[in-house]
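**Q** Next up is a structure, given as structure tokens.
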Amino acid sequence: MFYNRELSWLGFNYRVLQEAASTTVPLFERLKFLSIFSSNLDEFFRVRYPAVLAFASLKNKTQKKIRDEWSTEVIEKIQNEVSSQLEEFGSILLKGILPSLRENDIYLYYNDPVRPEHKPEIAEIFLSQTLSFIQPILLDGKKKFSPENNQLYFTIALKKPGEELIWHAIVNIPSDKLPRFFTLSPIDNTHYVIFIDDIIRENMQTIFPGFEILSVYSFKINRDAELNLEDEYNIDLINKIERQLSKRKFGPPSRFLFESGMPKSIQLFLASVLDISLDEIFAGGRYHNLKDLASLPTFGKKLSYEKQEPVKNYSTTSADIFNLISSKDVLIHLPYQSYNPILSFFNQAAIDPDVTEIYIALYRVASESHIANALISAAKNDKKVTVFLELKARFDEANNIQWSRRMKDAGIKIIYSIPGIKVHSKIALVRKKIKNETINYCVLSTGNFNETTARFYTDHVLLTADSAIAGELLLLFNFLQERRVPVNNKELKFRKLLVSQFNMIERFNELIDKEIVNAKKGKGGLVRIKINNLEEPEMISALYRASQAGVKIKLIVRSICCLVPSEKNMSENIVAKRIVDRYLEHSRIFIFGQDDECDVIIGSADWMNRNLHRRIEVCVPVENVDCKKELVDYFELQWNDNVKSVMINDPVEQQLQTINGSMVNAQEAIYNYIKQKA
């Protein structure tokens, strides 16, 4: 028994929407949550919805062979849920956030008549800034119109005076070239802001002189984001990805989102012109791409979260990082602690005369990456630098390609994507040679080596000189250089690390089975897991089996959860929660057992089909007593959250917990916990 993956994901996005609705969240942060919701939904229609439509076209018997959680009504359920969430989105914005902005002397024109005082100013902006990017198209059959993914457009119905013939035209909204919002002159101490959309609407007659404008409606298209790469050995993968990226803007349509009120005749006309099926048509509001709300001018108003300075541990930032790691394992909790130790690790490695080799696997590289620049410096300082760079990191392909060229030009050995598999591991290894002895230093993380996301993703980074871990990392890096899929899961032997394609599923099953034995012996089996996504049927079935044996299971699942908790005779010992707050929950923690004897593991792997079967993921046991305790305490602080957590008892509904006693906000509690330990 499983929850449907897509409905569960929509449930997570609804939890994001709840934060936008909450009056306890600062006003500009609520706008950010609306922005995140909108961006997430765009990605859903680019990445997941095309697969939903394709899956639904299969015969029922075939569907059931592939996945159990599907029903014939799933498309209708998804469409209804999306429509309901969009309606609530509009209500939150119109009835909650816009009035609150006005209370703070910020007036965003939102389907409002423009004040006469602003009309000349709007006309000047249009003529001097906007018009140069306007590219109107008359749909007369002479010129093909193919809208780009996620670009904004108007469809205009017009006719010439004295004629009955109605023409249809398209006008682009160049929000990809110009700001989405323009600030107008203040009136009576109130700041006024207007969408670029409305600047164009106000001046539509200038675009079509000699025509009578009958109607103007906005719309946009989402397109399938898949790259369809064969990943053959004998092609230039970089060039192929770049060609596919250019095609992605014009891939098959997956959603036609139109302004509510658009007549059915215009909807069907555009659907015919754009080759869109009825299952891909969705009504929206007057404005689309409201992810842009995050860029609304703030006018210096203090209506955001108070800045939380990362806690600095000066023993990890001011000393020789390698001497420190040699003396003890170092565990860093992001973003609560400073990312500087990780930057210092690579910066010091780049100039240390004893460092001979650096290995690293990069998945999403920051646009101005200090780590990538340190690797370039290391190569120029005659270090042997080997970088495995995953070119197929969705939506980061172009940035990764640019960095691959810069690093290759500096003399770094670049290992590109493996055919048929992604490398999602977050691992690095530095080797020093001192008096003919090689000493290894390892970094293993739950998140990317990316100093930008480290500011708002929660992650854990382990720095260790453990020789067994180092030996297994070197074994893995040597294998990755062969750019191939493993022949079988016995090809490489890992005794400490858990590596997907080799021993990860087997090891997790062993740990679950150990807790089943403990429960049957009356020793109180316990499993605690914090994860981003839980979908893989074998691992869910193992948790069901453990629950039936009496093992208590605590799950914190940020996004997709296909496991059905608290079901009698199946999962009555499983409780699942979800937390959404100011930082994106991103870390993966696995705790098996209780007290000091528990096994604690962190790593890059979610329990998804793709992570466990189609990627190289790495998890690492944390053995240092202090580090283990920190991770167990961290999990329990999250588990006790009663402010930002919800119980997962339905794929879509998000029921906030009733607060009995004192309020516990996990992210605040963790920050205070780390400050006290510093």
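**Q** Once phi is turned into ³J(HN,Hα) by the Karplus curve 6.51 cos²θ - 1.76 cosθ + 1.60 with θ = phi - 60°, what whole-Hz value does each residue of region 147-163 show in order, with x for glycine and proline?
**A** Each residue's phi maps through the Karplus curve to give x, 6, 4, 6, 7, 9, 9, 10, 10, 10, 9, 8, 8, 7, x, x, 10 Hz.
**Q** Let me test this: with uniform point scatterers at the alpha carbons of region 98-190, what is the Debye-based log₁₀ I(q)/I(0) at q = 0.11, 0.18 1/Å?
**A** With no solvent term, the Cα-only Debye profile gives -0.49, -1.03.
**Q** Could you give the length gained by full extension between residue 327 and residue 545, i.e. 0.36 nm per residue of separation minus their alpha carbon distance, to one decimal place?
**A** On the way: separation 218, 0.36 × 218 = 78.48 nm, distance 4.14 nm.
Extra length from residue 327 to residue 545 when fully extended: 74.3 nm.
**Q** Please list the non-local residues whose amide H lies under 5 Å from the amide H of residue 605, H modeled 1.01 Å from N, same-chain partners needing a gap of 5 or more.
**A** Correct list: 618.
**Q** So, how do all the Cα-to-Cα distances of region 548-595 break down into 5 Å bins, in percent, from 0 on up?
**A** So the P(r) values, bin by bin, are 5, 18, 26, 21, 18, 9, 3, 1.
**Q** 7 Å from Cα along Cα→Cβ at both residue 399 and residue 185: what's the point-to-point distance in nm?
**A** 4.1 nm
**Q** Right, next: Please list 3J(HN,Hα) in residue order for region 283-298, calculated via the Karplus relation 6.51 cos²θ - 1.76 cosθ + 1.60 where θ = phi - 60°; whole Hz, with x for glycine and proline.
**A** Going residue by residue, I get 7, x, x, 6, 10, 10, 6, 7, 4, 5, 4, 5, 9, 4, x, 9 Hz, with x marking Gly and Pro.
**Q** Please give the helix 5-21 orientation as an angle from the longest Cα principal axis of the chain, in degrees from 0 to 90, rounded to the nearest 10.
**A** 70 degrees
**Q** Applying 1/(1 + (r/R0)^6) with R0 = 30 Å to the Cβ-Cβ distance of residue 434 and residue 496, what FRET efficiency is obtained, to the nearest 0.05? Show your work: numbers first, answer last.
**A** On the way: r = 24 Å, r/R0 = 0.80.
Efficiency, from the Cβ-Cβ distance: 0.80.
**Q** Residue-wise, which Karplus ³J(HN,Hα) couplings in Hz belong to region 301-310, taking 6.51 cos²θ - 1.76 cosθ + 1.60, θ = phi - 60°, and x for glycine or proline?
**A** The phi angles translate into 6, 8, 10, 10, 4, 5, 4, 10, 5, x Hz.
**Q** With labels modelled as points extended 7 Å from the Cα through the Cβ direction, what inter-label distance (nm, one decimal) is found for residue 164 paired with residue 138?
**A** 2.1 nm
**Q** Report Rg (one decimal) and Dmax (nearest whole number) for region 5-295, counting Cα atoms only, units Å.
**A** Cα only, region 5-295: 21.0, 67 Å (Rg, Dmax).
**Q** Long-range amide H contacts for residue 139: which residues qualify at under 5 Å (H placed 1.01 Å from N, peptide plane, sequence gap of 5 or more or a different chain)?
**A** 168, 169, 170
**Q** Separate question: Rounding to the nearest 10 and keeping the result within 0 to 90°, find how far the Cα-based axis of helix 467-480 lies from the longest principal axis of the chain.
**A** That works out to roughly 50 degrees.
**Q** Could I ask something else about it? Quick check on the chain: what are the equivalent-ellipsoid semi-axes from the Cα gyration tensor, as sqrt(5λ), descending, whole Å?
**A** On the way: eigenvalues 416, 173, 146 Å².
Computed over the chain, the values are 46, 29, 27 Å.
**Q** What FRET efficiency comes out for residue 655 versus residue 295 if R0 is 45 angstrom and r is the Cβ-Cβ distance? Round to the nearest 0.05.
**A** Details: r = 33 Å, r/R0 = 0.72.
Efficiency for this residue pair is about 0.85.
**Q** Between residue 73 and residue 570, what is 0.36 nm times their sequence separation minus the Cα-Cα distance? Round to one decimal in nm. Each step should come with its number before you reach the end.
**A** Numbers: separation 497, 0.36 × 497 = 178.92 nm, distance 2.50 nm.
Computed gain between residue 73 and residue 570 is 176.4 nm.
**Q** Which residues' amide hydrogens lie under 5 Å from the amide hydrogen of residue 305, considering only partners 5 or more residues apart or on another chain, with H built in the peptide plane?
**A** Excluding prolines and chain starts, which carry no amide H, the hits are 29.
**Q** What angle do you read, to the nearest 10 degrees and between 0 and 90, between the alpha-carbon axis of helix 340-351 and the longest principal axis of the chain?
**A** That helix lies at roughly 70 degrees to the long axis.
**Q** Based on the Cβ-Cβ distance of residue 481 and residue 148, what FRET efficiency does E = 1/(1 + (r/R0)^6) give at R0 = 41 Å, to the nearest 0.05?
**A** Values: r = 38 Å, r/R0 = 0.93.
E between residue 481 and residue 148, to the nearest 0.05, is 0.60.
**Q** Fewest to most neighbouring Cβ within 10 Å: what's the order for 320, 105, 188? Could you put the intermediate results ahead of the total?
**A** Details: 320 11, 105 14, 188 5.
By the 10 Å Cβ count, ascending: 188, 320, 105.
**Q** Based on the alpha carbons, how large is the Rg to Rh ratio for region 314-480 when Rh follows Kirkwood?
**A** Values: Rg = 14.9 Å, Rh = 15.9 Å.
Rounded to two decimals, Rg over Rh is 0.93.
**Q** Right, another one. Relative to the present Cα-Cα distance, how much length would full extension add between residue 455 and residue 206 at 0.36 nm per residue of separation?
**A** Details: separation 249, 0.36 × 249 = 89.64 nm, distance 4.56 nm.
Taking 0.36 nm per residue and subtracting the Cα distance, the gain is 85.1 nm.
**Q** Moving to a separate point now. What is the distance, in nm, between label points placed 7 Å from the Cα along the Cα-to-Cβ direction at residue 468 and at residue 83?
**A** 5.8 nm
**Q** At what distance in angstrom do the alpha carbon centres of region 477-492 and region 121-146 lie from each other?
**A** 54 Å
**Q** Could you list the square roots of 5 times each eigenvalue of the Cα gyration tensor of region 498-677, that is, the equivalent ellipsoid semi-axes, sorted largest first and rounded to whole Å? Don't skip to the end; give the middle numbers.
**A** Details: eigenvalues 108, 77, 62 Å².
Over the Cα atoms of region 498-677, the semi-axes work out to 23, 20, 18 Å.
Laboratory data are not the source of any read-out in this text; all were calculated from the coordinates shown. This is a predicted model, so every value here is computed, not measured. When we count neighbours, we look across all protein chains shown, and the Cβ atoms used for this are built from the backbone with ideal geometry, even at glycine.
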